[in-house]
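Every read-out reported here was derived from the displayed coordinates using simple, explicitly stated rules and does not represent laboratory data. Keep in mind the model is a prediction, meaning the values are calculated, not measured. Neighbour counts are summed over all protein chains in view; Cβ atoms, including those assigned to glycine, are modelled from backbone coordinates with ideal geometry.
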Amino acid sequence: MSTGTGLPPATGAWREGDPPGHRQWVTLRDPLLLEAGGMLPCVRLAYETWGAPRGDGSNGVLILHALTGDSHVTGPAEPGHPSPGWWRRLIGPGRALDPAAWYIVAPNVLGGCQGSSGPAAMAPDARAWGSRFPFLTIRDQVAAEAALADALGIRRWALVLGGSMGGMRALEWAISFPDRVESLLVLACPAAASAEQIAWTAPQLHAIRADPGWHGGDYHDAPAGHGPHRGLGIARRIAHVTYRSEPELAARFGRSLQGDGHPWEGGRYVVESYLDHHAHKLARRFDAGSYVTLTEAMNCHDVGRNRGGTVAALRRVTAQTIVAGIDSDRLYLLAQQDRLAAGIPGAGPVRVITSPYGHDAFLIETGQVAACLEELLAVPVLSLGPVLSRFTAPPPALAQVHGRARAGGDPVPHGRVDGTVGQTERATATRPEGRYDPDCGVGCTRNRQVDHRRGGGRRPRLAAAGN
């Protein structure tokens with residue numbers, strides 16, 4: 001994990017000896033049996049928590065991140081966490097997920113690179129797994145997360161939510177373990193990866209594997225500048241275009257040039273500089289092996305596999321469910337969420353997030369995500385922007401965490417499962433920044449509302465973050 005400005009590291013993964021930040025860890029007792037065959041021994045998952053569990057474990061909320069996300073859902077960039085929380089406007093006193101009421105758990109996905117077992121993590125022989133790390137599916141990742149829930153003493157989640165790859169896992173949770181999910185929010189994901197979605201990833205995977213620094217996946221001990229950062233950067237540039245929308249790119253960049261140089265003079269367009277920025281940024285906080293592992297898992301995503309098809313699989317869901325899609329998403333099309341909503345019993349119409357930002361809107365339009373949570377949980381929340389909300393926070397003196405009062409409603413830290421003392425970031429309700437730089441993109445937020453035109457349900461009118 002690197003935050004410097006010199007040569008890019010061979011891997012941007014969290015490595016043993018790096019600052020732990022607010023991570024906690026659990027090591028699974030048994031090897032994990034894998035859907036593709038074989039097993040993974042010594043599985044270790046990193047996670048972060050906010051709030052405290054009730055005695056009966058009934059207030060657990062599981063947040064699942066996307067492809068290049070991690071467990072750091074909220075909180076600033078700091079030692080151990082190279083990026084600020086990617087959904088930091090959703091967690092905090094009076095917000096959609098208030099740690100005074102909920103025990104919020106966010107794991108780093110199995111196969112990831114920010115503390116959990118993955119290609120960059122240490123194998124039992126004290127060397128990086130590298131090319132030896134096995135093929136994973138979304139179901140394998142959810143099985144590991146179910147073991148984490150067991151270790152935390154959570155028999156049933158009050159809510160499971162996620163977007164993109166996190167949405168795939170949330171959906172798989174509700175199908176694999178229907179009796180363990182009470183409520184479900186699925187954002188911007190399909191029931192199965194489509195041919196086009198797999199096609200978009202093909203050149204990304206080829207770019208990484210063709211990088212001379214890839215070395216067949218065994219590069220983690222290479223010196224700075226000699227890892228597969230070039231291939232990872234190309235993959236990121238391709239992916240990032242699919243995360244945004246054409247109208248937004250046209251409005252933000254058009255044909256503007258970077259500086260005064262024309263392309264025939266060696267200059268470049270501003271939009272190229274934008275993509276370069278995200279490529280360079282990812283190489284310092286992510287691992288190419290994890291990118292390959294997780295992308296292949298997403299390509300294999302198919303809830304109907306060995307279950308009699310998609311229709312039969314979706315009928316297994318018993319959770320109270322909201323499916324939300326984005327009107328400008330050109331990666332995971334809104335029609336895919338329509339099919340999810342139609343197939344999940346009681347889900348009702350798809351909730352449409354209106355945004356110019358494309359797929360990234362599930363990270364950017366936090367006001368609309370909060371409105372979906374308000375509807376699902378029937379809990380009013382504070383405004384996420386400067387507009388005065390209809391709701392007010394409880395007085396600090398009355399904010400409690402399961403009988404333990406804290407001024408301002410700060411969450412009570414929860415210790416690690418492995419017995420060591422864990423750290424838990426104190427979420428506070430601060431004014432949002434004018435510009436938001438989430439994991440998958442940069443964009444100015446707008447005041448928007450969830451579009452319920454497809455269904456005629458009630459219309460939450462929660463103000464989103466604004467400039």
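Near residue 108, within a Cβ-to-Cβ distance under 11 Å, what is the net charge of the other residues, with Lys and Arg +1 and Asp and Glu -1?
Neighbour charge sum, excluding residue 108 itself: -1.
Among residues other than residue 56 whose Cβ falls under 11 Å from its Cβ, what is the net charge (Lys/Arg +1, Asp/Glu -1)?
Summing Lys and Arg as +1 and Asp and Glu as -1 gives +3.
Using the per-residue mean of other Cβ atoms lying within 10 Å as a proxy for protection, in what order, highest first, do the peptides 28-37, 93-102 fall?
Descending mean neighbour count gives 93-102, 28-37.
With an 8 Å cut-off on Cα pairs and a minimum separation of 6 or more residues, tell me the relative contact order of the range 209-295 in percent.
29 percent
Using the number of other C-beta atoms within 10 angstrom as an exposure proxy, rank 273, 164, 83 with the fewest first.
273, 83, 164
Let me check I've understood the local charge: for residue 217, count other residues with C-beta under 9 angstrom from its C-beta, Lys and Arg +1, Asp and Glu -1. What total comes out?
+1
For residue 78, what residues show an amide H to amide H distance below 5 Å, using hydrogens built from the backbone and excluding near sequence neighbours?
83
Can you order the peptides 314-325, 58-69 by their average number of other Cβ atoms within 10 Å per residue, highest first?
Going by the mean number of other Cβ atoms within 10 Å, highest first, we get 58-69, 314-325.
Starting from the amide H of residue 351, placed 1.01 Å from N in the peptide plane, find each other amide H under 5 Å away whose residue is 5 or more places distant or on another chain.
Counting only residues 5 or more places away or on other chains, the set is 323, 324, 325.
Give the peptides 299-312, 107-120 in descending order of average Cβ contacts within 10 Å, highest first.
By packing density, highest mean first, the sequence is 107-120, 299-312.
Take the alpha carbon gyration tensor of the range 124-222, find the square roots of its eigenvalues, order them as a ≥ b ≥ c, and report rounded if a/c is under 1.5; if not, report prolate when a/b exceeds b/c, else oblate.
The shape class here is oblate.
Please order 219, 274 by the number of other Cβ within 10 Å, starting at the fewest.
Least to most surrounded, the residues fall as 274, 219.
From the phi angles alone, apply the Karplus equation (6.51, -1.76, 1.60; θ = phi - 60°) to the range 46-57 and give each ³J(HN,Hα) in whole Hz, x where the residue is Gly or Pro.
My calculation for the range 46-57 gives 8, 7, 10, 9, 9, x, 9, x, 6, x, 8, x Hz in order.
Please compute the contact order of the range 1-127 in relative form: average sequence separation of alpha-carbon pairs under 8 Å and at least six residues apart, divided by the residue count, as a percent.
29 percent
Taking amide H positions as placed in the peptide plane 1.01 Å from N, state which residues far from residue 181 in sequence (5 or more) or on other chains have amide H under 5 Å from it.
Placed amide hydrogens put 157 under 5 Å from residue 181.
If the chain between residue 335 and residue 277 were fully stretched, how many nm would it gain, using 0.36 nm times the residue separation less the Cα-Cα distance?
Full extension from residue 335 to residue 277 adds 17.7 nm.
Taking 0.36 nm per residue of separation and subtracting the Cα-Cα distance, what length does fully extending residue 206 through residue 306 add?
Contour length minus the Cα-Cα distance gives 33.1 nm.
Tell me, 246, 375, 172 in order of fewest to most beta-carbon neighbours within 10 Å?
246, 375, 172
About its Cα centre, what dipole magnitude does the range 275-351 give when the only charges are +1 on Lys and Arg Cβ and -1 on Asp and Glu Cβ, stated in debye to the nearest 20?
Magnitude of the dipole: close to 240 debye.
How high is the FRET efficiency from residue 262 to residue 16, r the C-beta distance, R0 60 Å, rounded to 0.05?
0.80
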